[in-house]
Amino acid sequence: MDYQVIVIGGGAAGLMAAIRAAERGARTLLLEKMDRPGRKLRISGKGRCNLTNAAPLEEFIAHFGPTGRFLRQAFHRFFAPDLVAFFEESGVRTVVERGGRVFPVSSQAQDVVDALVRRATEHGVNLRPRSPVRRLLVAEGRVVGVTVAGRARPFRAPAVIVATGGASYPRTGSTGDGYRWAEAVGHTIVPLRPALIPLVTAGTVAPRLQGLSLRNVTVRVLVGGKRTAEMFGEMLFTHFGVSGPIILSLSRLVVDALRNGQAVTLSLDLKPALDEHTLDRRLLRDLDSQGKRQYRTVLKGLLPAKLIPICIEQTRIPARKVAHQITARERARLRRWLKDFRLTVSGHRPLAEALVTAGGVATREVNPRTMESLLVRGLYFAGEVLDVDADTGGYNLQAAFSTGWLAGNSIPLETEDERTGGR
Ligand SMILES: Cc1cc2nc3c(=O)[nH]c(=O)nc-3n(C[C@H](O)[C@H](O)[C@H](O)COP(=O)(O)OP(=O)(O)OC[C@H]3O[C@@H](n4cnc5c(N)ncnc54)[C@H](O)[C@@H]3O)c2cc1C
């Protein structure tokens, strides 16, 4: 055999898998189809790379939803503190920011990529960029190697780790190849859907608010009129609809609801810190103390400027009406609007624009203790190619690093006898 393990894909999962395998002494080949590894890592976290999260294990796993259970073993072996220690040893110091998000102190995702490549090279990984794998070679139920485009002779190895990523941001190299190979050898592929995806809203309200970012709001998701989820934090209006951290995190369930043909509405609570009663008292006070001012002027103390015209339209209170003439019924309308500003979701952006792909290789067909396929011996999966995905906050990268580490840690090392053919 040419190598003891071939890792396909030089992203977070593949680099970590190759490093761990090589660290254990395995002759390791890492095949990356792009001109250099780590392209998605380089743009992650807006170029700052939110590489994990400081949340405790149970809370961490909860951020994956139902697919999180599969990761328990991987996290048990290699979790956030191990990852932080790994990077510290590699010269990348980290810092914990708001929401437990962990970033490199330098705020440079490239430092993370460089450290991984350096560690891989130090351990003797043969890293080959511009090497697009075409096919997995499987004989008698076990993997024996891979073929690479433009190369006549296949690479042979008794273990292959597929770490080809998802199907979003294809320009970073992740074009979904791993799903096709897995399916071809009998694996179930849970339907691919965009996760962490901006949402498209009906009408002109969002485009008129384009660029407006709201901090400290609560967004509720109504599916078929029923409240199904809510999240507090930051969101953003765009030319097509809404985005930002809480929208991306809520998008998973919105996408699934839309796919089921259900109507989805977002209800924005612009004053989540105030209950209806307290908000009413605040409005009364504002309207009283500014009795001679016009409605549109009073709103300046309550809302960002861009929202004022929308508020005026939707509360149906004339902009120039003076505050002391505003009736109790009108005030109730304003209060309701501030607590329940609605947007109808008409769709979502395409899979190519998702931060993460939901769906993928069904986890029930993969051994959670090793990441080895339960169908093909010697075949391993790591990272986003698996059917796991989480909220924003560093959880997805930790899953890629942990499953990569576990796969690299699990490939069998041949004995000296096997290597020399018993000579
Ligand atoms: C814009 C953006 C920002 C993000 N920010 C964060 C963040 O801050 N924190 C976080 O936790 N998550 C973030 N994510 C998600 C996170 O980046 C991914 O979940 C993670 O990179 C997945 O790692 P992976 O190794 O499985 O796949 P990838 O990083 O996608 O790596 C797969 C690699 O396989 C290679 N490959 C594919 N097919 C072949 C083939 N046929 N032959 C050879 N090589 C192949 C690709 O070129 C690629 O290099 C972000 C995603 C995006 C798109």
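The values are calculated or read from the model by the stated rules, or taken from the named source; none is laboratory data. Values in this document were obtained by computation on a predicted structure and should not be read as measured data. So basically every Cβ, Gly included, is an ideal-geometry build from the backbone, and we count neighbours across all protein chains shown.
Data table
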quantity	calculated
Selected residue [over 25 Å from Gly393 (Cα atoms) and either touching a Leu at 6+ places or on another chain (Cβ under 7 Å) or not small (Gly, Ala, Ser) (or both)] from Val160, Val96, Val112	Val160
Counted residues, region 6-31 - those being small (Gly, Ala, Ser), under 20 Å from Val143 (Cα atoms) and either in a helix (DSSP H, G or I) or more than 13 Å from the ligand (Cβ to nearest atom) (or both)	7
Condition met for Arg93 (at pLDDT 95 or above, more than 23 Å from Arg128 (Cβ to Cβ), surrounded by fewer than 21 Cβ atoms within 10 Å (Cβ to Cβ) and near the ligand (Cβ under 9 Å from one of its atoms))	no
Of residues in region 176-213 being among the polar types (S, T, N, Q) and surrounded by fewer than 22 Cβ atoms within 10 Å (Cβ to Cβ), the one nearest to Pro304 (Cα to Cα)	Ser213
Residue within region 45-61 that is in the same structural domain as Thr172 (by TED's automatic domain parsing), within 30 Å of Glu414 (Cβ to Cβ) and in contact with a Phe, Trp or Tyr (Cβ under 8 Å, 6 or more places away or on another chain) present	no
Matching option when the condition is among the acidic types (Asp, Glu), under 29 Å from Arg98 (Cα atoms) and either modelled with pLDDT under 95 or within 31 Å of the chain's Cα centre (by Cα) (or both), among Glu384, Glu372, Glu418	Glu384
Any chance Arg227 is among the basic types (Lys, Arg) and closer than 30 Å to Pro132 by Cα	no
Boolean, Glu365 is surrounded by fewer than 22 Cβ atoms within 10 Å (Cβ to Cβ) and modelled with pLDDT of 95 or more	yes
Selection within region 327-359 - out of contact with any helix residue (DSSP H, G or I) (no Cβ under 6 Å at 6 or more places or on another chain), crowded, with 17+ Cβ neighbours inside 10 Å and outside any strand (DSSP E or B)	Glu330, Leu338, Lys339, Arg349, Leu351, Ala354, Leu355
Lone qualifier among Asn409, Asn396 - being in contact with a strand residue (DSSP E or B) (Cβ under 6 Å, 6 or more places away or on another chain) and polar (S, T, N, Q)	Asn396
Those strands (runs of 3 or more DSSP E) lying entirely in region 177-226 with at least 1 residues under 21 Å from Pro245 (Cβ atoms) and within 15 Å of the ligand (Cβ to nearest atom)	189-195
